[in-house]
Amino acid sequence: METLDMREKPCPIPVVNAKKALAVQGAEGVVVIVDNFVAVQNLEKMAKGSGWGFSYVEDGESLYRVTVVKGPAQVPDEALAASPSAKGGGKKGPVVLITSDSMGRGAEELGRLLIKGFVFSLSQLSTPPEAVIFLNGGAHLTTEGANTVADLKALEARGAEIYTCGTCANYYKLTDALAVGSITDMMSITNILANASSVITI
């Protein structure tokens, strides 16, 4: 089984290289060494999304040895049931990309009021967004204590997927404070944006 040393490799490189290793004919699995837990979570999502076996051990301080064992490539039934198309059916809403914890340029306090109002307005749309993705400073809006969490939970209940960039959450040390949605990697974000019916960027 091939071992990949992905220490100090930013998202989504560990996931991309793991997929390449698993795509080689005859490959039964791969071991990936990473130095942050967000990478472990991203590799787990990749493995479980493909119906593959996943495990990891902590190998020293901030060092993880992840094992992905290849199996039949399939999407688990629960993942299909949780997908936006399965929940909402019919028309798909846009993907919304939020890159800051405030909106517009000018007074910061006003910007925070505006982003709160924007997220609330999203929750009132007749067709909710397919997904709302939070990057960079926007990652603060999905964490405990943020005044946007209640509205994001309402969106999630209506079928919208709420994603926070794992690299961003790790940078701001917010991973343990996530209050809504899930952590994701840049490859997944890229795929969502590439397949979206439309994209709104804030």
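The values are calculated or read from the model by the stated rules, or taken from the named source; none is laboratory data. A quick note: this is a predicted structure, and the numbers were derived from the prediction, not measured. For neighbour counting, all protein chains shown are included, and Cβ atoms are generated from backbone atoms with ideal geometry for every residue, glycine included.
What the table below lists for this structure:
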| item | result |
| --- | --- |
| Residue in segment 185-202 that is closer than 18 Å to Val40 by Cβ, outside the structural domain of Met46 (by TED's automatic domain parsing) and at pLDDT 95 or above present | no |
| Flag if Gly106 is over 30 Å from Phe118 (Cα atoms) and modelled with pLDDT of 65 or more | no |
| Ala160 being surrounded by fewer than 16 Cβ atoms within 10 Å (Cβ to Cβ), more than 26 Å from Lys19 (Cβ to Cβ), within 18 Å of the chain's Cα centre (by Cα) and in the same structural domain as Pro94 (by TED's automatic domain parsing) | no |
| Complete set of residues in segment 90-117 that are surrounded by 13 or more Cβ atoms within 10 Å (Cβ to Cβ) and basic (Lys, Arg) | Lys92, Arg112, Lys116 |
